[in-house]
Amino acid sequence: MASPKQDSKRTVTTNQSDPGTSTTGRRGLASNTVDYGDKDFALFLRRAFIKGAGYTDEDLKRPIVGIVNTGSDFNPCHGNVPALIEAAKRGISQAGALPMVFPTISLHESFAAPTSLYLRNLMSMDTEEMIRAQPMDAVLLIGGCDKTLPAQVMGALSAGRPFVVLPTGPMLSSQWAGERVGACTDCRRLWADFRAGRLNQEQINEANNRLVPSVGTCSVMGTASTMACVLEAMGLTVSGAASAPAVSADRVRVAQASGEAAAALASGQISMPSVGMAQFDNALRTLLAVGGSTNGLVHLAAMMGRLGLALNPDHFNRLADDTPVLVDLKPGGQGYMPDFHEAGGMPRLMLALGERLDTQIATVTGQTLAERLTELRAQGRIETHEQSVIRSADNPIYPAGGLQFLSGNLAPDGAVIKPVAASKSLLVHQGRAVVFDGLEDMAKRLDASDLDVKADDVLVLRGIGPLGAGMPEAGLIPIPKKLAAQGVRDMVRISDGRMSGTAAGTIVLHISPEAAAGGPLSLVRDGDQIQLDVPAGRLALLVSEEVLEQRRAEAVHTKLPTVSKPRGYGWLHGQQVLQAPQGCDFQFLRGDA
Ligand code: FES
């Protein structure tokens, strides 16, 4: 990928209102004054305080770009945020605006209990309200780890302020025991080998030192990279933002260009593109073409909900039928994110997708996507060398349907599968249900030597939906130890939870309504026959309606645990959280609330 730079250089005009007393125009420092009943006094006071930090009157005339700082010692995926802020500030200042950095919540997958999705809406509320509350004309959203970019975009869309997205970028890949490894597909693969006895304790400890060789987001096409790619195709980033490695010079240049773009938005020199179905269709096409994370569907549904739009499963399946998987990265393929960047990143992929994308949409740099790609091509900044990571549409990794919505009596409101990461032999399968009621039950019984389980059974994990457990990424149910020891590497596994974008297997996820909300998943019993038919888009429980009606009366779902709490955020979550088709957003945050 050629070095990123801003697609069109701009210099921002400054705010000409009187910096001493005027609140006219309500831009820059004069916007969003605190409510004392005297706006001029509120501005006078604000100016007095900010001058305590050494700012001059000249500084304070400028349009303001807020920079969201999600750096945190608990979030190594954001370990490069200080460097990105420095570069973004340079871009903003050189373009004539004033950068102002402010903190919000930061979420890392491994450090946010019970789950990062449970906290995503809290981060989105924090982001929305801090954008709304503070004086800024545009905002630069620096995020990366899985839930952070969705939370930030949800918040910014609701706040209605111009914004530019700056992903932290993927980490590097590494080597262990003579093979290339990277977080976190290989974390899961090596752990499965350890569970099956193929690796010993010393080996797994050694691997632990090698899996994450730098700061940055996971080095495969997991949720973080999926969302970054999707946002570039929506025109909400500068070019190259999705793929430049976190610790590369390209990433620093992306940060500077993002700052320049945000400054142009802040000055009103260019307008924030409106976001609608055309952008979301580009997002869905990209999600499919990169063989992206199933989590992307949850986050895109939540973003759409903020604008009063809905993700229609039939529409998505139609797009899927016409969108090949073109990117050969783990977990579905072979490569790692740095390979994608070197192959040409999103600009090259967008060219490969051709008319499947709407390139007439406007971007945050003021150009349409088409104009951006034309300019990049004219400048020789789109890679054209021979490579195998980004395929052409006539030589895909997978011809179509990399992700698919399912429906049936077990999932009346839908479920999701990632066929590209599944075992082809299991895409049509019928088997006996082996049921676990939540994570604790599964942890207790899964590896028991007396568990009645065979390789062709269907493992069912319920009680891990948004209400049940904050929808953890536990849908990749481990293969029971005794089967793993026999060499079984995949089984049909179904749940109302999610799966990490870095995971693979024949896994049905997001079954809706979830069991804890009384969905049919709560009616399944050990030994029931479950039928999965991916080509037909069907997930069925082969039990008569008469029997199901009897089971309904037992209200098993009321005995399942929920993540709801009697007070605080847990109470709010329990009251408000919606199901996966609505993106697990809170009802009161949606655009139609
Ligand atoms: Fe942060 Fe994977 S854990 S992106």
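The values are calculated or read from the model by the stated rules, or taken from the named source; none is laboratory data. Just so it is clear, the model here is predicted, and its values are computed rather than measured. Positions of Cβ are backbone-derived with ideal geometry, glycine not excepted, and every protein chain shown enters the neighbour counts. Just the protein is used for accessible areas: all its heavy atoms, side chains included, with ligands, DNA and RNA removed. Shrake-Rupley method; radii C 1.70, N 1.55, O 1.52, S 1.80 Å.
For segment 285-294, give me the residue count where each residue is crowded, with 24+ Cβ neighbours inside 10 Å and assigned to a helix (DSSP H, G or I).
The qualifying residues number 4.
Identify, by number, the condition in (1) within 15 Å of the ligand (Cβ to nearest atom); (2) open to solvent by 10 Å² or more (accessible area, probe 1.4 Å); (3) of a type in the set (Gly, Ala, Ser); (4) over 30 Å from Val488 (Cβ atoms) that Ala151 doesn't meet.
(2) is the only condition that Ala151 fails.
Identify all residues within segment 93-111 that are open to solvent by 30 Å² or more (accessible area, probe 1.4 Å) and more than 16 Å from the ligand (Cβ to nearest atom); write none if there are none.
Residues satisfying the conditions are Ser93, Gln94, Met100, Val101, Pro103.
What are the residues in segment 470-497 that are among the hydrophobic types (A, V, I, L, M, F, W, C) and either closer than 19 Å to Asp526 by Cβ or surrounded by fewer than 24 Cβ atoms within 10 Å (Cβ to Cβ) (or both), if any?
Within segment 470-497, Ala474, Leu476, Ile477, Ile479, Leu483, Ala484, Ala485, Val488, Met491, Val492, Ile494 qualify.
Among the numbered criteria (1) basic (Lys, Arg); (2) over 25 Å from Pro313 (Cα atoms); (3) open to solvent by 10 Å² or more (accessible area, probe 1.4 Å), which one does Arg356 miss?
Unmet for Arg356, out of (1) basic (Lys, Arg); (2) over 25 Å from Pro313 (Cα atoms); (3) open to solvent by 10 Å² or more (accessible area, probe 1.4 Å): (2).
Need at least 2 residues that are open to solvent by 10 Å² or more (accessible area, probe 1.4 Å) per element, so show me which helices (runs of 4 or more DSSP H) inside segment 169-284 make the cut, counting only ones lying wholly within it.
Counting at least 2 such residues, we get 185-195, 201-210, 249-267.
Out of the helices (runs of 4 or more DSSP H) lying entirely within segment 427-539, which hold 1 or more residues that are within 30 Å of Leu572 (Cβ to Cβ)?
438-445, 466-469
If you scan segment 501-534, which residues turn out to be within 16 Å of the ligand (Cβ to nearest atom) and open to solvent by 10 Å² or more (accessible area, probe 1.4 Å)?
Ala504
So if I check each of Gly332, Gly380, which one is open to solvent by 50 Å² or more (accessible area, probe 1.4 Å) and at pLDDT below 95?
Of Gly332, Gly380, the one residue that is open to solvent by 50 Å² or more (accessible area, probe 1.4 Å) and at pLDDT below 95 is Gly380.
Of all residues in segment 142-168, which are more than 15 Å from the chain's Cα centre (by Cα) and in a loop (DSSP other than H, G, I, E, B)?
Gly160, Arg161, Pro162 - these are the residues of segment 142-168 that are more than 15 Å from the chain's Cα centre (by Cα) and in a loop (DSSP other than H, G, I, E, B).
Looking only at segment 479-495, decide whether some residue is within 16 Å of the ligand (Cβ to nearest atom), over 21 Å from Val534 (Cα atoms) and out of contact with any Cys (no Cβ under 7 Å at 6 or more places or on another chain).
So far as segment 479-495 goes, no, none of its residues is within 16 Å of the ligand (Cβ to nearest atom), over 21 Å from Val534 (Cα atoms) and out of contact with any Cys (no Cβ under 7 Å at 6 or more places or on another chain).
Which one is farthest from Ala504 (Cα to Cα) among residues in segment 166-222 that are away from the ligand (no atom under 15 Å from the Cβ) and acidic (Asp, Glu)?
Applying the filter and picking the extreme gives Glu202.
Please state which one of Glu514, Glu554 is over 22 Å from Phe405 (Cα atoms) and either out of contact with any strand residue (DSSP E or B) (no Cβ under 8 Å at 6 or more places or on another chain) or at pLDDT 95 or above (or both).
Just a single option satisfies the conditions, and that option is Glu554.
Hey, among Val453, Val416, Val435, which residue is under 26 Å from the mean Cα position of the chain (by Cα), in contact (Cβ under 8 Å) with a residue 24 or more places away in the chain and within 30 Å of Thr562 (Cβ to Cβ)?
None of the other options fit; the residue is Val416.
On the basis of being under 30 Å from Leu172 (Cβ atoms), assigned to a strand (DSSP E or B), out of contact with any Leu (no Cβ under 6 Å at 6 or more places or on another chain) and β-branched (Val, Ile, Thr), does Val139 make the cut?
Here the answer is yes, as Val139 does meet what is asked.
On the given criteria, is Val389 more than 26 Å from Ala266 (Cβ to Cβ) and among the β-branched types (Val, Ile, Thr)?
So Val389 fits the description; yes.
Can you pull out every residue in segment 391-413 that is open to solvent by 10 Å² or more (accessible area, probe 1.4 Å) and part of a strand (DSSP E or B)?
Tyr398, Gln404, Phe405, Ser407, Gly408, Pro412, Asp413
Could you count how many residues in segment 53-75 are in a helix (DSSP H, G or I) and crowded, with 20+ Cβ neighbours inside 10 Å?
Of the residues in segment 53-75, 1 are in a helix (DSSP H, G or I) and crowded, with 20+ Cβ neighbours inside 10 Å.
Could you figure out which of (1) under 24 Å from Leu265 (Cβ atoms); (2) touching a residue at least 12 places away in the same chain (Cβ under 8 Å) isn't true of Asn121?
Single failed check for Asn121: (1).
Here are some conditions: (1) within 16 Å of the ligand (Cβ to nearest atom); (2) in contact with a Pro (Cβ under 6 Å, 6 or more places away or on another chain); (3) among the acidic types (Asp, Glu). Asp57 meets all but one. Which one does it not meet?
Every condition holds for Asp57 apart from (1).
Against the condition within 16 Å of the ligand (Cβ to nearest atom), open to solvent by 70 Å² or more (accessible area, probe 1.4 Å) and acidic (Asp, Glu), how does Asp40 come out, does it pass?
Considered against the rule, which asks whether it is within 16 Å of the ligand (Cβ to nearest atom), open to solvent by 70 Å² or more (accessible area, probe 1.4 Å) and acidic (Asp, Glu), Asp40 comes out as no.
Given Arg132, Arg120, Arg90, which one is within 16 Å of the ligand (Cβ to nearest atom), more than 18 Å from Ala183 (Cβ to Cβ) and among the charged types (D, E, K, R)?
Criteria check complete, one pass: Arg120.
Considering only residues that are touching a Leu at 6+ places or on another chain (Cβ under 7 Å) and part of a helix (DSSP H, G or I), which ones fall in segment 298-321?
Leu300, Ala301, Met303, Met304, Arg306, Phe316, Leu319, Ala320
Hey, among the residues in segment 223-247 that are under 24 Å from Ser110 (Cα atoms) and of a type in the set (Ser, Thr, Tyr), which one's farthest from the ligand (Cβ to nearest atom)?
Ser243
Can you tell me which of (1) out of contact with any strand residue (DSSP E or B) (no Cβ under 6 Å at 6 or more places or on another chain); (2) more than 20 Å from Met221 (Cβ to Cβ) is the one Asp137 doesn't meet?
Result: Asp137 passes all but (1).
Filter segment 362-372 down to residues that are open to solvent by less than 10 Å² (accessible area, probe 1.4 Å) and either within 29 Å of Gly332 (Cα to Cα) or in a loop (DSSP other than H, G, I, E, B) (or both), then give me how many there are.
4
Answer with yes or no whether Gly537 is open to solvent by 10 Å² or more (accessible area, probe 1.4 Å), farther than 29 Å from Tyr336 by Cβ and of a type outside the set (Asp, Glu).
Judged against the criteria, Gly537 is a match.
Inspect all residues belonging to segment 322-336 and state whether any of them is among the basic types (Lys, Arg) and in a helix (DSSP H, G or I).
Within segment 322-336, not a single residue is among the basic types (Lys, Arg) and in a helix (DSSP H, G or I).
Being at pLDDT below 95 and over 34 Å from the mean Cα position of the chain (by Cα) narrows it down to one of Gly52, Gly20, so name that one.
Just a single option satisfies the conditions, and that option is Gly20.
Test Asn295 against the criterion of being free of Cβ contacts under 8 Å to residues at least 40 places away in the same chain and within 16 Å of the ligand (Cβ to nearest atom), and give yes or no.
It is false that Asn295 is free of Cβ contacts under 8 Å to residues at least 40 places away in the same chain and within 16 Å of the ligand (Cβ to nearest atom).
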